Every structure is written in structure tokens, then in C-alpha cells.
1. Can you give me the relative contact order of the range B:118-226 as a percent, contacts being Cα pairs under 8 Å and 6 or more apart?
2. Please state the charge dipole magnitude for the range A:12-89, taken about the Cα centre, from unit charges on C-beta atoms (+1 on K and R, -1 on D and E), reported in debye and rounded to the nearest 20.
3. Where a ≥ b ≥ c are the square roots of the eigenvalues of the C-alpha gyration tensor, would you call the range B:227-379 rounded, which needs a/c under 1.5, or, failing that, prolate if a/b is larger than b/c, or oblate?
4. If neighbour count is taken as other Cβ atoms inside 10 Å, put B:Tyr143, B:Tyr249 in order from fewest to most.
5. Starting from the Cα-Cα distance between B:Glu354 and B:Arg113, subtract it from 0.36 nm times their residue separation and give me the gain in nm to one decimal.
6. Are there GluC sites (Glu not before Pro) in the range B:332-379 that DSSP marks as loop and that have at most 10 other Cβ atoms within 10 Å, and which are they?
7. Between the range A:46-93 and the range B:1-51, how many Å separate their Cα centres?
8. With +1 on each Lys and Arg Cβ and -1 on each Asp and Glu Cβ, and nothing else charged, work out how big the dipole of the range B:226-286 is about its Cα centre, in Debye to the nearest 20.
Amino acid sequence: MTGSVAPEAVPVLPRGVRLHYDRVRDQWVLLAPERAVALDAIGHAILKEIDGSRAFGSIVRGLAETYGAPEDQVAQDAGGFLRGLMDRRFLETI
Amino acid sequence: MMDGTRPEDLQAEGKRLGIPAPIAMLAELTHRCPLSCPYCSNPLELARKDRELDTETWVRVFREAADLGILQLHLSGGEPASRRDLVELVSAAREAGLYTNLITSGIGLSQRRLQELDAAGLDHVQLSLQGTDAEMADKIGGYKGGFKRKMQVAEWIKEIGFPLTLNAVVHRQNLHQLPRAIEMALEMEARRIEVAIVQFHGWALANRNALMPTKTQAAEASRIVAEARKAHKGRLVLDYVPADYHSDYPKRCMGGWGTTGLNIAPDGEVLPCHAAQTIKTLRFDNVRAKNLSEIWYSGAAFNAYRGEDWMQEPCRSCEFKKKDFGGCRCQAMALAGDPAATDPVCIKSPLDSERQARAEQFSTSEDTELTFRAQPSSA
């Protein structure tokens, strides 16, 4: 599956899916119905940009700037990550 | 030996010993239930109402669970809605920082109570399905009118917007309804459906003749699930618990004994899995007497089958031992009479051919009479 999310799509965490700081394991997790997904630093960096109003393209530009990485590379990586979450119904786009 | 009894000391010691902190906790708030499903996973000896933990104790346990590293709390039973303090318990669980899931038949939930649960912060609802029409569902649940009320509850759940998982328990008598159950999940706008072929523990053990699917049915169910996964990708997630006695290799039960989750029985006994009380050699600690951390890291029942030292052959030298941990301890108890034996649902088990013969016998039996679950005796 090619990891693509349209630049104008606005990703949003649906009800029942939330970021949570796991103080016992000292890491960020994504809590979802009957699942807890441990996030690495990159996963967390992407998800914390999702506020239900920013479009994917804008999130990608911000990340590319922050991490000094090429935009198309970021779009591909972040898109693949988000697409995987969408397939599991942990993420929606509006 | 543990040096300290403070949770953080226990956690450090646990880490040294290679014991991970648990992620999930199943809180069986009560064994009371309006339904009497013949495959109920509750033990045969049901806890009476007057033995149930009170609100205050559950609230303390939720805090201890969060301190221990639990992320996911499943409020179950019996029927958790039979607890009058359910809304209060959900509030307390959310306050403790737990992701809170309600596992319910829907019976006992009014629209108003669901709204109160919404306000209390309930994260997710898992609704059970005994059949896809009133005739089947009410027969299996042993409760006339139950299906109709469940459908009403499903409507309210959708209106409020709770994320929903439909939990379809299937067996020889209703497996033909599986395609309809999947359609119903889509109609209810559920994000997930759990297709669980009955597991033979608890009350289901007495109903193997009436409930065990045939091998053909089991294969058909796997095919239907695989196709539906493809057809509904991104819309409906399908989780699948395949048929118990018809597999070649055992299940990775509980993700490994004492590694991922724990159960708390209505009376406060802390169990490594819901069927653990069938292993009569185990002694269980109670949250009334001890902190949950101490029970998790140093309780005898949890340490009984951790790691590999307890394993026998063929598990001990098996290449899959780190994958399935020798299968289910309670099934080894039920079928081999030895909780440390290789799960007989494994082609490497010396009891494999016997197990297959029994599966054939159960699944083709003409005895379809059901033994329904009893209710806890009153005080």
C-alpha cells in the first residue's frame, strides 16, 4: 500500500482515540478501542500536530522544517504512518 | 526476594527479573447478569452480591492499576450495568487516567444512563451479540425480549457517538448468521467487530456437544472473516478468535501468563486470566489485602507460569515456545489434567489425536440441549 494522504485532507483523531503519556513506561502511546500503540519519537511528533484543523500538507511542511528533512520524504513517511492508522480506524480525515 | 514494597521498588525489581508492567485489566464488577448464556466465561462458582467489592475499593484499585502501568480498563461482569455505581466507577477510572471500555449485553442501560456514562467520560462500548434475530439471540441469552432491547441500546450508542465494537459470539448453532452479524456491525456504524468462536472454558465446557462448530464450519468462518476484512478495510476492523479445538497450534493465551494483563473477580481476587480459578493448585491474592503492584510482581499465581522454567516437553525444546508459551494453562488443566502440560490443542502434544477425536465427537453430536449459566445464589 502506498502511504498517501492528500495534502488538503485534515487528519483528525476520532472520538475514543487519544494521545496519552504513559508515565510508567516513560513514553507516548495512542490509546484506542482495546488497543494501545506505543509511539516512537517520530510517531509522536506527527500525531501531536493533529488538531482537527490543520491540513496534512501544512503538517508536512512544519515537520520538514523542524527536522530539516525533504518535504516529499516527510510526506511519504508520515502519509504511510497515518494511512496505517486509518486502516485500523484510529484516524479519520475531514 | 523483593526488597521493598513500594510500587516503584517493585517495578524496578520486576524490570530486573524481566517482568513487564501489565497493559490491560479486566474488572469483573459483578457476576450478576440478566442473561444466562451457555458459554459464559464466568466460573461455575459465582460470587454472591454481598461478596462484591464496594465502590471505594474499586476506585482505589483503579488508581493502583494506573500506577502499575495499566492503560486499558475493561469493565465487565456478569453484566456491569447491574452495578448501581457504574457511572461513578467510570468517572473514577477516567480520573485515574485509564482508557475505559464497557463490555455489556446492553441490558440495564437506559438512554439516560448512557448519557450519564458519556458525561462520565466512557471511552468505548463493546456490545455483545448472541444472535442476529430475536429468536436466536433470546434463546442463547435465555432472556425473552433481550434482542429488542439490545437493538434499542445500539441506536442510543450510535446517537451519542460512543465508539462501538460489536462482539459476536458464534458457535455451531448460530455460525450461519455470521455474514448478517458483520452487516449489523456496519449498520450500527461499529468501528470493530470481534468474531469470537466460543472458547471452551467456564460454562461452555458443559456445552461442548451443543456448541462446538464442525471443522467445516470453522473453516468457513475463517474464510468469511478474511473476505470481510478485505471488503471493509478502513471502515470495519475485524478481530477474530478462531475455533478452539480445530487448530494445529495453541493460542498465545493472554499474550503470555502474567505479562500483559490481569483480571479482578467481583470479590477482589486477582487472576492471571478469567479461567485461572479452574487450576486448583493456584492461590490468589485479593485486592482487599494487598496492593495490586505487589500482587502482580510477587503473587504466587502470577509467577507460577511466567518464563519457561515450568515447561515440560515437548514445549521445553520447542521452537515456538516464545511465540505461544505452550498455549493455554487452563486448557491444559481441562484436557490434560495438568496445568503445566503442553496445551492439547497442539499437534505436538501427546494428547493431540485424542483431542482431535473428541473435537470430532463434540462437533457432530446430536445432543444440542443447552445448559444455561446459573445466577449467583442470593445472600
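Only the coordinates and a few stated rules stand behind these numbers; no lab work does. Treat the numbers as computed from the prediction; the structure is a model and nothing was measured. FYI the Cβ positions are ideal-geometry reconstructions off the backbone, even for glycines, and counts take in every protein chain you see.
1. Working: 131 pairs, mean separation 28.8, N = 109.
Once divided by the residue count of the range B:118-226, the mean separation gives 26 percent.
2. Details: 11 positive and 11 negative charges, 84 e Å.
With Lys and Arg at +1 and Asp and Glu at -1, about 400 debye.
3. Values: a/c = 1.36, a/b = 1.24, b/c = 1.10.
Since a/c stays below 1.5, the shape of the range B:227-379 is classed as rounded.
4. On the way: B:Tyr143 21, B:Tyr249 14.
Arranged by neighbour count, lowest to highest, B:Tyr143, B:Tyr249 become B:Tyr249, B:Tyr143.
5. Details: separation 241, 0.36 × 241 = 86.76 nm, distance 4.95 nm.
Working it through step by step, the gained length comes to 81.8 nm.
6. On the way: sites: B:Glu354, B:Glu360, B:Glu366, B:Glu369; in loops: B:Glu366, B:Glu369.
Counting only loop positions with at most 10 other Cβ atoms within 10 Å, the GluC sites (Glu not before Pro) in the range B:332-379 are B:Glu366, B:Glu369.
7. Centre-to-centre (Cα) distance: 38 Å.
8. Details: 8 positive and 7 negative charges, 69 e Å.
The calculated dipole for the range B:226-286 is roughly 340 debye.
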